[in-house]
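Could you have a look at this structure, given as structure tokens, before my questions?
What follows is calculated from the coordinates using simple rules that are stated; it is not laboratory data. Every value quoted in this text rests on a predicted model; they were computed, and no experiment measured them. Positions of Cβ are generated from backbone atoms using ideal geometry, with glycine treated the same way; all protein chains shown enter the neighbour counts.
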Amino acid sequence: MDLKHRTRHQLRRRDRKVAFEATVEEPRNVLVVVVDCLRADHVSGFGYDRETTPALDAFDAAAFSNAKAPSTWTFPSVPSLLSGRYPHEHGGRFETDPRNLSAEQFPRRPRADIATLPDLLGTAGYDTGMVTAIPMAEKAVGDRFQSVSVRYTAAEERVAAARDWMADRDRWFCYLHLGDPHVPMNVPDAHRETFDVPSMAELNDWRFRETTDGERFEEYRDARIRAYDAAIRGVDDALETLLADVDDETVVVVCGDHGEAFWEHPDLERRLNDDPRGYYATDHGHSVLEEVARVPLWVHAPGVDRTALDRPVSLVDIAPTILSALGGTVPDGVAGRSLDETADADADDRTLLCEETAYGYNQRAVWHEGRKAIIVPETETTLAFALEDYLEGEPLETIPDALEKALESFDGGVEGADRMAVDDDTRDRLEELGYLE
């Protein structure tokens with residue numbers, strides 16, 4: 001399977017017409033690790049009551065517990081973290097509303113003229129490589145990398161593949177995307193006992209997606225979350241030696257690309273969306289609520305204060321942070337901000353955005369001064385929330401003026417490039433991952 005991807009990848013790169021110019025004054029190796037479906041409140045270092053992430057908890061890095069994903073599914077989110085632009089700015093998104101990815105209604109890929117980290121660093125003399133277990137990442141931006149490895153395997157194998165790729169290279173940028181917490185979860189046998197994961201039908205997939213009525217729902221929900229936590233711990237185990245072996249000069253970023261829902265808001269999701277599959281409050285990609293929009297972010301880079309921080313940041317900040325750490329120039333028009341010591345530590349007045357669903361109506365969420373608004377443009381529905389706790393509670397009675405203005409500050413955006421193409425092998429994997437029916 002990996003060989004087929006490599007061959008197709010070379011053909012796609014051969015057809016690329018856009019060239020970029022970039023230099024870096026302080027060249028360092030760069031490692032970006034994305035853990036699919038990793039939500040911030042399941043990180044033990046941020047207060048979760050199960051020890052899911054001991055290696056990441058001990059990692060010498062700035063630890064952001066309140067990072068916002070630019071989108072709540074992989075295809076739009078990954079180009080955002082690699083470009084510093086929101087989906088409506090890079091074009092990797094749907095052009096119709098409502099949308100139904102499960103019926104093979106595919107989005108457009110990011111515009112070719114939008115510069116991403118592999119474009120810029122490749123031009124600056126870096127070897128660039130993507131190692132991923134999730135095909136959506138490769139489908140979105142794989143052609144931006146000089147080499148790509150796509151194998152649907154557990155974290156231990158993908159980490160080993162990344163280490164092999166990095167070995168003996170003088171200057172490299174490695175993007176590593178791990179899929180163990182994503183359906184169908186990879187739950188290590190060693191941690192089934194650690195987290196007391198029971199044997200239960202369909203635990204690696206989903207049940208109770210249309211309704212929570214029925215026998216044994218609470219038992220199933222508890223088991224499903226335990227399995228998710230065990231999968232996260234398996235990723236953390238695989239990352240332990242990698243993070244320990246990377247030298248201190250290497251810029252390292254670890255994050256989730258979006259979160260995962262476990263029945264937190266079934267009624268609210270029905271109020272905001274009409275999912276064509278009839279699924280609510282599980283999985284991801286059909287809402288912009290906190291359980292899927294809030295992710296952890298770790299940054300090990302010069303100038304970035306290595307402490308725990310809960311101020312709101314965004315994954316669009318990753319690209320400018322890395323470029324700043326390398327002494328590179330951040331392209332004009334980038335929405336993200338560098339998280340280095342020049343950043344305003346009290347930047348609570350900043351407006352952040354999450355957008356682009358894959359099922360049902362598109363939704364946009366904005367955060368501003370500790371509050372959040374969600375708009376569904378197609379139905380002209382807008383709700384606002386005070387985020388005093390981790391998750392949304394009951395909506396506010398009125399929409400604060402500041403949130404109205406924040407929603408209006410983001411325009412309709414650009415048209416993307418060619419539509420995402422899917423071959424038979426990838427279609428089979430996307431079905432296994434729950435994207436297609």
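For residue 41 and residue 19, what is the calculated FRET efficiency with R₀ set at 56 Å and r taken between the beta-carbons, to the nearest 0.05?
The value I calculate is 0.85.
Continuing with the same structure: For the range 198-213, in order, what is each residue's ³J(HN,Hα) by Karplus, 6.51 cos²θ - 1.76 cosθ + 1.60 with θ = phi - 60°, in whole Hz (x at glycine and Pro)?
Those phi angles translate into x, 7, 7, 4, 6, 5, 7, 10, 9, 10, 6, 8, 8, 7, 9, 6 Hz.
Have a look at 106, 64, 20 and tell me which one the Gaussian network model of the chain (Cα, springs below 10 Å) gives the largest fluctuation.
For the chain, modelled as a Gaussian network with Cα springs under 10 Å, the answer is 20.
If you don't mind, there's one more thing I want to ask. Can you give me the long-range amide H partners of residue 339? Hydrogens built in the peptide plane at 1.01 Å from N, cutoff under 5 Å, separation of 5 or more residues or another chain.
321
From the square roots a ≥ b ≥ c of the eigenvalues of the alpha-carbon gyration tensor of the chain, which class results: rounded (a/c under 1.5), prolate (a/b over b/c), or oblate? Walk me through the intermediate numbers first.
Values: a/c = 1.28, a/b = 1.16, b/c = 1.10.
Rounded, since a/c falls under 1.5.
To the nearest 20 Debye, how big is the dipole of the range 2-432 about its Cα centre, given +1 on the beta carbon of each Lys and Arg and -1 on that of each Asp and Glu? Intermediate results must be reported in sequence, preceding the final value.
Numbers: 48 positive and 87 negative charges, 329 e Å.
That gives a dipole near 1580 debye.
In whole Hz, what ³J(HN,Hα) sequence does the range 245-260 give by Karplus (6.51, -1.76, 1.60; θ = phi - 60°), x for Gly and Pro?
8, 5, 5, 5, 6, 6, 7, 10, 10, 10, 7, x, 8, 5, x, 8
I've got another one for you. Normalised by the number of residues in the chain, what is the relative contact order in percent for Cα pairs under 8 Å and 6+ residues apart?
27 percent
If you don't mind, another one. Given Cβ point charges of +1 (Lys, Arg) and -1 (Asp, Glu) and nothing else, what value in debye, to the nearest 20, does the dipole of the range 252-298 about its Cα centre take? Display every interim value, and only then the final one.
Working: 4 positive and 10 negative charges, 14 e Å.
Here the size comes out at about 60 debye.
Can you list the residues, at least 5 places off or on another chain, whose amide H is less than 5 Å from the amide H of residue 363, using H built in the peptide plane?
Under 5 Å from the amide H of residue 363: 356, 357.
Whose amide H sits under 5 Å from the amide H of residue 33, counting only residues 5 or more places off or on another chain, with H placed in the peptide plane?
176, 253, 254, 255
A further question follows. Contour minus end-to-end for residue 123 and residue 160, with contour as 0.36 nm per residue of separation and end-to-end as the Cα-Cα distance?
That works out to 10.7 nm of additional length.
Under the 0.36 nm per residue contour assumption, what length would be gained going from the current alpha-carbon distance of residue 421 and residue 405 to full extension?
Roughly 2.0 nm would be gained on extension.
So for the chain: antiparallel DSSP bridges make up what percent, rounded to the nearest 5?
That works out to approximately 55 percent antiparallel.
Another question, if that's okay. Going by average Cβ neighbours within 10 Å, how do the peptides 115-123, 419-427 rank, with the highest at the top?
Packing order, densest peptide first, comes out as 115-123, 419-427.
Report the gain in length on full extension from residue 167 to residue 103: 0.36 nm times residue separation, minus Cα-Cα distance, nm rounded to one decimal. Walk me through the numbers before you get to the answer.
Details: separation 64, 0.36 × 64 = 23.04 nm, distance 4.12 nm.
Gain on extension, residue 167 to residue 103, equals 18.9 nm.
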